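S.K.: There's a structure below that I have some questions on.
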Amino acid sequence: MADERKPTSLEDLDARVTAARAANKQQSGDGKTVPGGKPPMTGFGLAMRMGTELVAAVAVGVGIGYVLDLWLGTKPWLMVVFFFLGSAAGMLNVYRATAYLGRRDGSDGT
């Protein structure tokens, strides 16, 4: 019998998990969170979110405009209009995503 260790109890496992979480929290700072209870976003994560928000809003706007143009036969006017509406919506989403960054208390302003 090469390995005759007893299986660890749940209390021992719980103690090790708690100790590992405490060590992880200590290494990563004081465990501050942003509104919503999420950990603070890294710079790369924030840049990816802003880019995705902007591109998605423009793509949805152009898609809606294109479909309406095909349906109503008004090429390209509705696509142009919805491009600008999508761009404005994307910029508003980016503003909302970054609005809390300058606040010292971490509140989201609501």
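S.K.: List pairs: first residue in the stretch 86-97 and in contact (Cβ under 8 Å) with a residue 40 or more places away in the chain, second residue charged (D, E, K, R) and surrounded by 15 or more Cβ atoms within 10 Å (Cβ to Cβ) anywhere in the structure, Cβ distance under 9 angstrom, at least six positions apart or on different chains.
M.R.: Asn93/Glu53; Val94/Arg49; Val94/Glu53; Ala97/Arg49; Ala97/Glu53
S.K.: Something else about it: Taking Trp71 and the conditions (1) part of a helix (DSSP H, G or I); (2) in contact with a Pro (Cβ under 9 Å, 6 or more places away or on another chain), which numbered condition does it fall short on, given that it satisfies the others?
M.R.: Here Trp71 meets the rest and fails (2).
S.K.: Give the stretch 73-104 a look and list any residue that's at pLDDT below 95 and touching a helix residue (DSSP H, G or I) at 6+ places or on another chain (Cβ under 9 Å), or say none.
M.R.: Thr74, Lys75, Pro76, Asn93, Val94, Arg96, Ala97, Thr98, Leu101
S.K.: Residues to consider are Asp12, Asp3; find the one that is of a type outside the set (Val, Ile, Thr), surrounded by 10 or more Cβ atoms within 10 Å (Cβ to Cβ) and either modelled with pLDDT of 85 or more or farther than 30 Å from Tyr100 by Cβ (or both).
M.R.: Criteria check complete, one pass: Asp12.
The values are calculated or read from the model by the stated rules, or taken from the named source; none is laboratory data. Bear in mind the structure is a predicted one, so any value in this text is a computation, not a measurement. All Cβ positions, glycine included, derive from the backbone under ideal geometry; neighbour counts span all protein chains shown.
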